[in-house]
Structure formats: structure tokens, C-alpha cells
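Report on one structure; see the data block that follows.
Readers should treat all values here as calculations from the given coordinates under stated rules, not as data from a laboratory. Treat the numbers as computed from the prediction; the structure is a model and nothing was measured. Heads up, the Cβs are rebuilt from the backbone with ideal geometry, glycines too, and the neighbour counts pull from every protein chain shown.
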Ligand SMILES: C[S@@+](CC[C@H](N)C(=O)[O-])C[C@H]1O[C@@H](n2cnc3c(N)ncnc32)[C@H](O)[C@@H]1O
């Protein structure tokens, strides 16, 4: 089972405590974009957890994803709320917007790590850069494998919307440092007054230490790292990540 096929539950689960992330994105677009009304692109937008509130705040947003259920959910949600965004089916590796260019792109919560090879990651970075205006920015947020210390093996939280409660656990089943993959098991437990359903999804993400992430950005030559933040999402406090850091939000500037 692929948990991204369940956008109603994914959206409730991942919208939990996302205020700081959203506030950070809004502030970062204001601070780092060269225009007061930036046009935004979200590769792999999923259920539109971020697009919907950003459109509500007045941003011109485009998003794409490979998952039909997520795209349908997002389109229905936009329609229901009389909001408008450009949404289409596309692959992070080779999407195309026929010449349309953006001031900023953003991709948080580990989505970049779905690209399991260096080749795909670099193709993605190149394609995002191609769709950005001169000096455009790309905000990438991902978990890092600490070079010292250990990452948490299991994370659990519970989120509620109306009469629906979604309990989520994400467990790291295996870490293959040679292959640079992490195997994760997600359990979603969707509970209403009349139903209690459990869904299990196992999938792999590519792993990055801080050095490995810096290396792929440098190797791609498409971006430079302008600033870095951590899980606090505090726009007034860029940080210097260390060998023990386990989450980074990177503000990348398109190379000239
Ligand atoms: C963790 S979710 C993030 C969704 C959304 N960006 C958010 O912040 O809530 C990861 C998304 O990546 C999508 N995805 C994975 N690989 C993809 C690819 N190669 N091209 C486009 N979308 C992809 C999945 O369908 C899923 O919706």
C-alpha cells in the first residue's frame, strides 16, 4: 500500500503543527525573492497541504505530483474553496512547464529524498533551475543522517480534523549506508466514530549526510547554498549545521 494514495489521511497527518513551516516559507519568499509577488512552484506537491494555504495568502502557485489521488484531492479542495492554482501530473525528474518561469520553488519534508540516485537528484535540480528566473531560489528541507550520534528510529504523532483522527508512526526499518537508502515503514491509523482503519506502507528514501548534501549541490553546479535553517524554522536565525544535525532547510540560489 502506498500511503500517498490516501491524500485525505496524508493531508490531516502532515498538516499537524505545520504553522511554523508555513510562516517560514512565507517569510523566506519575502526575504529572498527579488520581487514582492513571487510566482511559486512546488515539485511533488502531494495533497496540496502547503499550496492551499499559500494560495489563500495570495501567492500564485503551481504544483505537480505523480500521484493521481493526491492531484484529484488537491483540485477538489481548491474548487471547494474557490481558490485557483495550476496543478498537473509530472515527474520531479523531467517535468516541463513549456517556458513558464518561477521566482521560487520549494520542497520540504524529505520529498527530494524520493529521488533514489544521484543522477536523478541532479536531473531534478537542473530541471528546477531551468524553471526558475535569474537568481531564483529553491527551498529544500530534508532529514540528514548525523555523522555523529544517532537519528531517531521511530516518530509518532496524532492529528485531528473534524471527526477524523489520524495517528501516524514512521519507523526506520533499515539503513543501508553503502546503497545510501533508508527503508521506512509508515503506519496510518484513521479513526472516526464508526471506523478504525490501519494502513501500512514501506518505501525507501535516499540518505544524505550534511556533507553528502553539500556535495550534490556543488556537483550539480545549478545552485549555491545561500543560507541554512534547522527544524525551528526561525527565519531570523540562519544556522550553521554540524555533524550531529538531523534536519536542514536549505535556501538555494540559482547559479548565474
Ligand atoms: C512527503 S510527500 C510531500 C507532499 C507535499 N510536498 C507536502 O509537503 O506535503 C511526497 C510526495 O512526493 C511525490 N513523489 C514521489 N516521487 C515523485 C516523483 N518522481 N515525481 C513527482 N512526485 C513524486 C509523492 O507522490 C508524494 O505526494
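Build a GNM of the chain with springs between Cα atoms under 10 Å apart, and of 48, 126, 162 the one that fluctuates most is 162. Projecting label points 7 angstrom from Cα along Cα→Cβ for residue 94 and residue 216 puts them 1.9 nm apart. Cut-off 10 angstrom, C-alpha nodes, Gaussian network model of the chain. Which of 237, 124, 114 fluctuates the most? Evaluated over the chain, the most mobile residue of the options is 237. Each of residue 5 and residue 120 was given a label point 7 Å from its Cα along the Cα-to-Cβ line. The distance between the two points is 1.8 nm. Averaging 1/r over each pair of different alpha-carbon atoms in the range 57-127 and inverting the result gives 13.6 Å, the Kirkwood hydrodynamic radius. Once both labels are positioned 7 Å from their Cα atoms along Cα-to-Cβ, the gap between residue 240 and residue 197 label points is 5.0 nm. For the range 154-206, the Kirkwood estimate of hydrodynamic radius, built from reciprocal distances between every pair of different alpha carbons, is 12.2 Å. The Cα center of the range 101-139 and the Cα center of the range 187-256 differ in position by 13 Å.
If the viscosity is 1.002 mPa s and the temperature 20 °C, what translational diffusion coefficient in µm²/s does Stokes-Einstein give for the chain when Rh comes from Kirkwood over Cα pairs? Translational D for this selection: 114 µm²/s. Stokes-Einstein, applied to the Kirkwood radius of the range 197-256 over Cα pairs at a viscosity of 1.306 mPa s and 10 °C, places its translational diffusion at 118 µm² s⁻¹. Apply the a/c threshold of 1.5 to the C-alpha gyration tensor of the range 1-104 and tell me whether it is rounded, prolate or oblate. Here the range 1-104 falls in the oblate category. For the Cα trace of the range 36-176, dividing Rg by the Kirkwood Rh returns an Rg/Rh value of 0.99.
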